[in-house]
Amino acid sequence: MSTKFDQTTIVNYLKNYGFVFASSEIYGGLANAWDYGPLGVALKNNIKNLWWNYFITSQPNMVGLDSSIILNPAVWKASGHLANFSDPLIDCKACHQRFRADKLIEEKYPDIKINENTDKAELLKIIKDKKIVCPNCGKADWTDIRSFNLMFKTSQSVIEDKANELYLRPETAQGIFINFANIQRALRLKVPFGVGQIGKAFRNEITPGNFIFRTREFEQMEIEFFNYPKDAPAKFEQYIKDIEGFLFNVLKLKKENIRMSEHDKADLSHYSARTVDFQYNFPHGWAELWGLANRTDFDLSNHQKLSGSTLGYLDPETNERFIPYVVEPSVGVERLFYAIICDAYRVEPIKDGETREVLGLPYALCPYKVAVLPLSNKLNDGAKKVFDMLIAAGIPSVYDVTGSIGKRYRRQDAIGTYYCITYDFDSQKDECVTVRNRDTMKQERIKISEILKFLGK
Ligand code: ATP
């Protein structure tokens, strides 16, 4: 049984079954932009709902937020994004392709120790000393390296000038920091507490790619958890366990496809005291799935300084004001989506040398939990009643009459539908249907009146 597929196989599979389409396809597409079809949006919503339930609703000290994408530009000054949120850009003078200088080196010489803080002169020296050539045209004729800020610029009002310049948020986190005082006061929350948010983020990546792994528009699920400074390291450890619990027990990802990587001190972002990445073994190799950072008091302190507002917290015990330390787990919905698909998709042999495609999702993630399949068109009336009962009960279900029953099973297996309910000629008499399990392919006869109870289990 094979479980590992290349990217092209996954992209084609997701397109054929209505999960992910290349965006703007009828106009020749738009590079690295993707649209989520009916099954894709169902899976995405399931991921987001599970995350929200696990990290927010089921926690005693968590609340949610939905902040704006476009914020006052001062936010990005205080957060350091205007000064620091950039990648080292280098151009090939021969073919005019642009690259991230650090990635050029990492791809050719993974053992050379560089990180996001390595300065531009050093990166250029390595590229020249090692005579790294342009991956596009094979020449070694490079420009100097410039810092390229990844924030998307836009402008507000009718006049497009510097004064009206704004940015699309490159992370959802800052929306939480700037609302810290509002949330704490309005809900009379006591530190420690946390705020979670799901929303779009935008980064003008120099080299997007690897399907939905790196795109310029994506969705983040972020938490900023506000702690007494001394408690932040323990909260960090707790989040390592919580993230593992979510990945392995809720999403049921395979342990061998996940690993943890601790950032060296030299590799920490400007705001971080400690960062751990959870990496997934994607078709293009191990890469970051989920980041966990101890952001200290960096963001709240800077917003307090620049805005002049008080963003500290008055300790009710000691009556002393302090700035909480923040622990932040941050994950992209699309990267989780991609990891889930890579983990769950399999092609397995069945009888007579045939194979079947299966998307082995856990029940909670399945776009459709149930497919209702009448054995013949003549049975539509009775089968439709079963389908209507499921829909009315809020169970995502699909009705399929097209093709042989074997073909319909194959199709449902391929999109991850957990149960197929077949309504046959006996069903009219005995008020029973056959329920087939996607993974075991075992079938059992169940009374129609018992179906909801069966699914409830
Ligand atoms: P990378 O090193 O891969 O660029 P990052 O360290 O810049 O990622 P963070 O700033 O920590 O990423 O963002 C948090 C999460 O948001 C990442 O772990 C990832 O899941 C997601 N993410 C970040 N950039 C992108 C992108 N361009 N496309 C899709 N998801 C992204």
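For region 198-220, the candidate set comprises residues that are assigned to a loop (DSSP other than H, G, I, E, B) and aliphatic (A, V, I, L, M); within that set, the residue that is modelled with the highest pLDDT is Ile212.
Scanning region 90-117 for residues that are touching a helix residue (DSSP H, G or I) at 6+ places or on another chain (Cβ under 7 Å) and within 25 Å of Arg216 (Cβ to Cβ) yields Ile90, Ala101, Asp102, Leu104, Ile105, Ile114, Asn115, Glu116, Asn117. Exactly one residue out of Asp277, Asp343 is within 14 Å of the ligand (Cβ to nearest atom) and either surrounded by 14 or more Cβ atoms within 10 Å (Cβ to Cβ) or in contact (Cβ under 8 Å) with a residue 12 or more places away in the chain (or both): that is Asp277.
Among all residues of region 428-441, there is at least one that is surrounded by fewer than 22 Cβ atoms within 10 Å (Cβ to Cβ), of a type in the set (Asp, Glu) and touching a Gly at 6+ places or on another chain (Cβ under 7 Å).
Across region 1-44, the number of residues qualifying as among the acidic types (Asp, Glu), over 17 Å from the mean Cα position of the chain (by Cα) and farther than 12 Å from Phe211 by Cβ comes to 1.
Scanning region 288-301 for residues that are surrounded by fewer than 18 Cβ atoms within 10 Å (Cβ to Cβ) and either within 15 Å of the ligand (Cβ to nearest atom) or in a loop (DSSP other than H, G, I, E, B) (or both) yields a count of 1. Identification of strands (runs of 3 or more DSSP E) wholly contained in region 34-144 with 1 or more residues that are among the small types (Gly, Ala, Ser) yields 62-65, 86-91. With respect to being within 14 Å of the ligand (Cβ to nearest atom) and not polar (S, T, N, Q), Leu187 falls outside the description. Condition (residue is of a type in the set (D, E, K, R), away from the ligand (no atom under 16 Å from the Cβ), touching a helix residue (DSSP H, G or I) at 6+ places or on another chain (Cβ under 8 Å) and not in a strand (DSSP E or B)) applied to region 393-409: is it met by at least one residue? Yes - at least one qualifying residue is present in region 393-409. Criterion applied to Asn257, Asn227 was being out of contact with any Leu (no Cβ under 6 Å at 6 or more places or on another chain), more than 16 Å from the ligand (Cβ to nearest atom) and touching a residue at least 12 places away in the same chain (Cβ under 8 Å), and the one residue passing it is Asn227.
The values are calculated or read from the model by the stated rules, or taken from the named source; none is laboratory data. Please read these numbers as outputs of a predicted model, since none were measured by experiment. Backbone-built Cβ (ideal geometry, glycine too); neighbour counts: all protein chains shown.
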